[in-house]
Amino acid sequence: MADPIHQFEIHKIFTLGHIGNQEIAFTNSSAYMFGAVAVVSLLMLGGSAGRALIPSRFQSVAELSFEFVSNTVRSSIGEEGMKFFPFVFSLFMFILTANMIGIIPYTFTVTSHLIVAVALALMVFLTVLLYGLYKNGLGFFKLFVPHGIPIYILPLVTVIEVISFLSRPVSHSVRLFANMLAGHITLKVFAGFVTSLSALGAVGIFGSVLPLAMTTALTALEILVAFLQAYVFTILTCIYLNDALHPGH
């Protein structure tokens, strides 16, 4: 049976240069990230080029994506949050596209790597922190002092709020990384059963029917998970951005 972890290996394509003794390489992970950006760009440019009264498939997908994210932003943050729409939309489309590309056999799932998920989560975290301080000044720290808390437990609650805030990048990234990693490992294991059993002849082919059915069902489930993880990452981003705009509880 093929190693289910092999699909996550990063391979160098070529070297870009060196910083000190550290090599800077363009890898398969880099290529797929550029590929995801290219797919999103082509979709949005192709969908907005014609803007016909009767939309094409490209235009329909582009418009549905735009409306879905804009409604999510408005319902989570309010009209004021639409200033963050380009940021939130870019995150959603990149994660969704990267997740969907990774479902195609023999491709690479960049969101199954913790470093990619952490980079995206830190980008959200720093945006919330810097914009929150820029807009509210020291008033941003009201986020750590919930309204209506009795004074005798306020220090404890404040410590808990600070720890919760600082742990956001961890929970935000691990949720995406862990779900994509676990799903692809499970798919690879069942696909390996199909390959191994079908090599045993007629009996093996008969025995591989159930693993094949499970692989098909899991693939459909992974498509759903790919969308849900992009949505969960997006909705959490909106919730965190709302704290930057309205730090008072």
Using a 10 angstrom cutoff on alpha carbons, build the Gaussian network for the chain and name the most mobile of Ala191, Ala49, Ala182.
Ala49
Taking the chain as a Gaussian network, Cα atoms linked when under 10 Å apart, which of Leu122, Leu224, Leu91 shows the biggest mean-square fluctuation?
Leu224
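For Ile151, Ile235, Ile160, Ile95, give the ranking by accessible area with the largest first, probe 1.4 Å. Walk me through the intermediate numbers first.
On the way: Ile151 130, Ile235 40, Ile160 95, Ile95 0 Å².
So, going from the largest accessible area down, we get Ile151, Ile160, Ile235, Ile95.
For Leu154 and Leu133, FRET efficiency with R0 = 25 Å and r from the beta-carbon atoms, rounded to 0.05?
Details: r = 22 Å, r/R0 = 0.88.
For R0 = 25 Å, the calculated efficiency reads 0.70.
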What does the helix-only formula give at 222 nm for the chain: each DSSP H stretch with n ≥ 4 adding -39500 (n - 2.57), the total divided by the residues, and the result rounded to the nearest 500 deg cm²/dmol?
-24000 deg cm²/dmol
Taking a ≥ b ≥ c as the square roots of the eigenvalues of the Cα gyration tensor of the range 70-127, is the shape rounded (a/c under 1.5), prolate (a/b larger than b/c) or oblate?
oblate
Binned at 10 Å from 0, what are the whole-percent values of the Cα-Cα distance distribution for the chain, short to long?
7, 23, 28, 23, 14, 5, 1, 0
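Rounded to the nearest percent, how much of the accessible area of the range 6-245 (1.4 Å probe, protein heavy atoms only) is carbon and sulfur? Write down the numbers at each step before the final one.
Numbers: 9800 of 13370 Å².
Ligands and nucleic acids excluded, carbon and sulfur reach 73 percent.
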Beyond 21 Å, the calculated P(r) of the range 1-149 holds a percent of Cα-Cα pairs equal to 62
Label-to-label distance, nm, for residues given as Met82 and Ile19 (7 Å Cα→Cβ offset)
3.9
Which whole number of Å³ per residue matches the convex hull of the alpha-carbon atoms in the range 39-102?
87
Highest GNM mean-square fluctuation among His184, His11, His113, for the chain with Cα springs under 10 Å, belongs to His11
At 7 Å along the Cα-to-beta-carbon direction for both Leu210 and Lys142, put a label point, then send me their distance in nm to one decimal.
6.0
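Hey, got the dipole for the range 6-245? About the Cα centre, +1 on K and R Cβ, -1 on D and E Cβ, debye to the nearest 20? Working shown, then result.
Details: 10 positive and 9 negative charges, 17 e Å.
Dipole of the range 6-245, to the nearest 20 debye: 80 debye.
Multiplying the sequence separation of Phe165 and His6 by 0.36 nm and subtracting their Cα-Cα distance, what value in nm do you get? Before the final figure, lay out each step's value.
Numbers: separation 159, 0.36 × 159 = 57.24 nm, distance 3.50 nm.
Computed gain between Phe165 and His6 is 53.7 nm.
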Listed by chain and number, the lysines with an alpha carbon less than 27 angstrom from that of Lys142, same-chain partners under 8 positions apart left out, are Lys83
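The values are calculated or read from the model by the stated rules, or taken from the named source; none is laboratory data. Just so you know, these numbers come straight off a predicted model, no measurement behind them. When we count neighbours, we look across all protein chains shown, and the Cβ atoms used for this are built from the backbone with ideal geometry, even at glycine. The area values use the complete protein model at the heavy-atom level, side chains included, leaving out ligands, DNA and RNA. Shrake-Rupley method; radii C 1.70, N 1.55, O 1.52, S 1.80 Å.
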